[in-house]
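Notes to accompany the following structure.
The values are calculated or read from the model by the stated rules, or taken from the named source; none is laboratory data. Note that this is a predicted model, so its numbers are computed, not measured. Here Cβ is always computed from backbone atoms with ideal geometry, including for glycine, and neighbour counts include all displayed protein chains. Please note that ligands, DNA and RNA were not included when accessible areas were found on the heavy atoms of the full protein model with its side chains. Shrake-Rupley method; radii C 1.70, N 1.55, O 1.52, S 1.80 Å.
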Amino acid sequence: MLIDHLNRQLRERADQALTRTRRTAESPCAPRQTVDGRDLLAFCSNDYLGLAHHPALVEALAEGARRFGAGSGASHLVSGHSRAHATLEEELAAWMAPCIPNARALYFCTGFMANMALVPALSAQGATIFADKLNHASLVDGALMSKARLHRYAHRNLAVLERQLSACDTEIKLIVTDAVFSMDGDLADLPALLALAERFDAWLVVDDAHGFGVLGTQGRGSLAHFGLRSERLITMGTLGKAAGVGGAFVAAHPTIIEWLVQTARPYIYTTAAPPAIAHALSASLQLIAGPEGEQRRAHLHALVAQLRGELSKLIAAHADLGWSLADSATAIQPLIVGSNAAALALSAALDAQGLWVPAIRPPTVPVGTARLRITLSAAHSAQDVQRLVDGLAVAAKELHA
Ligand SMILES: *Cc1c(COP(=O)(O)O)cnc(C)c1O
């Protein structure tokens, strides 16, 4: 019977230390959180610029609700597309125009939906997709849902990709990659990927969930970070991470966007996000692009350097624990510990000290590379980072004992 079957599988997961649990936050997303009644210092959100609880965005959301109401009432193609959505899309298109000439932008309720819309829509008439093995689940599922042939290449292995491209004779080719890999924090070699796309007449789809707002001039993202500009670029940016609100956008050649509007089912058959959210996002874009955004990015990058310096020393001092730091210059700074049980034990040891750093286990990451996924935010202080390092030092000593 179904329930017995599911209970059996749940027990198997528990035996492998794979059970996932949710914690209930009583306070806004910020470094200091009240969670299940306890006060914690958190290093786990993707709120990289610390905008999720910014008073200007809270106010913009409230003002948006007063002007546009609480809900959109319908899908975009029926009657749910409001002035707030249209304005945001114009702003996002202008924002990406330095990287994608004549870009048009389309707003989605979530990044997961944007990828599930984009990847199948572009490969509907027979195509081949080339995907990095560590791509985000939504890109993987988008590729699986599409009718395209799928080639996955080993993480950042462009030699394999080149062989796959040169052996491919389908007319439409899509190279699909995360810009900043979400569990490792490392960057895809976007210039080399774009060069391959040009050489083999392919399109490059870049998921910039973790670069948008953080990297590049004015936080324009990973394409700007590398100074790329091409009509072959299609980018997806999420707006619930550095932008601090919610939703996502695709920016691309106008014909691609028009095709999505006409055919992409996850875009067409869903209620438009509340217009107030789009209104708050316009305010967020202004913050990100302006001097406050610049300041927040500079502070964030200083915290990243501080954490990496301290963690390198700690790892060297406890070499027998087998910890390692991922090769990341971004706000995602995973501490790889190996087994699921070790990652859970370390996370629990930090929790006992009031530090919230989640353990990430398979299938989110490859077996044997369970890790603490430490994320930094511009809302953290240098003292916060030091407290984390001190906490890890205490935990390391406990694990020795
Ligand atoms: C978070 C994330 C998504 C999904 O975006 P949501 O807006 O959270 O649905 C897609 N791709 C990557 C790489 C992500 O990290």
Reported set for region 185-213 where residues are open to solvent by 30 Å² or more (accessible area, probe 1.4 Å), assigned to a loop (DSSP other than H, G, I, E, B) and within 22 Å of residue 366 (Cβ to Cβ) is 189
How do the pairs read when you match residues in region 277-290 that are within 18 Å of residue 96 (Cβ to Cβ) with residues anywhere that are among the charged types (D, E, K, R), using Cβ under 7 Å and keeping only pairs 6 or more apart or on different chains? 282/91; 285/91
Considering region 21-65 alone, what residues qualify as being assigned to a loop (DSSP other than H, G, I, E, B), among the polar types (S, T, N, Q) and either open to solvent by less than 40 Å² (accessible area, probe 1.4 Å) or in contact (Cβ under 8 Å) with a residue 12 or more places away in the chain (or both)? 24, 27, 45, 46
Filter region 121-156 down to residues that are within 21 Å of the chain's Cα centre (by Cα) and either open to solvent by 20 Å² or more (accessible area, probe 1.4 Å) or outside the structural domain of residue 277 (by TED's automatic domain parsing) (or both), then give me how many there are. 12
Where the second residue is more than 12 Å from the ligand (Cβ to nearest atom) and in a strand (DSSP E or B) and the first is touching a residue at least 40 places away in the same chain (Cβ under 8 Å) and lies in region 128-142, which pairs have Cβ atoms under 6 Å and are six or more apart or on separate chains? 128/149; 128/173; 129/150; 129/174; 130/151; 130/175; 131/152
Take the conditions touching a strand residue (DSSP E or B) at 6+ places or on another chain (Cβ under 8 Å), of a type outside the set (Gly, Ala, Ser) and either at pLDDT below 95 or farther than 30 Å from residue 400 by Cβ (or both) and apply them to residue 330. Does it pass? yes
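For every residue, the table says whether it meets (1) more than 15 Å from the ligand (Cβ to nearest atom); (2) in a loop (DSSP other than H, G, I, E, B); (3) within 24 Å of residue 214 (Cα to Cα); (4) at pLDDT 95 or above.
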site: 87; (1), (2), (3), (4): yes, no, yes, yes
site: 90; (1), (2), (3), (4): yes, no, yes, yes
site: 94; (1), (2), (3), (4): yes, no, yes, yes
site: 115; (1), (2), (3), (4): no, no, yes, yes
site: 126; (1), (2), (3), (4): yes, yes, no, no
site: 138; (1), (2), (3), (4): no, no, yes, yes
site: 155; (1), (2), (3), (4): no, yes, yes, yes
site: 174; (1), (2), (3), (4): yes, no, no, yes
site: 177; (1), (2), (3), (4): no, no, yes, yes
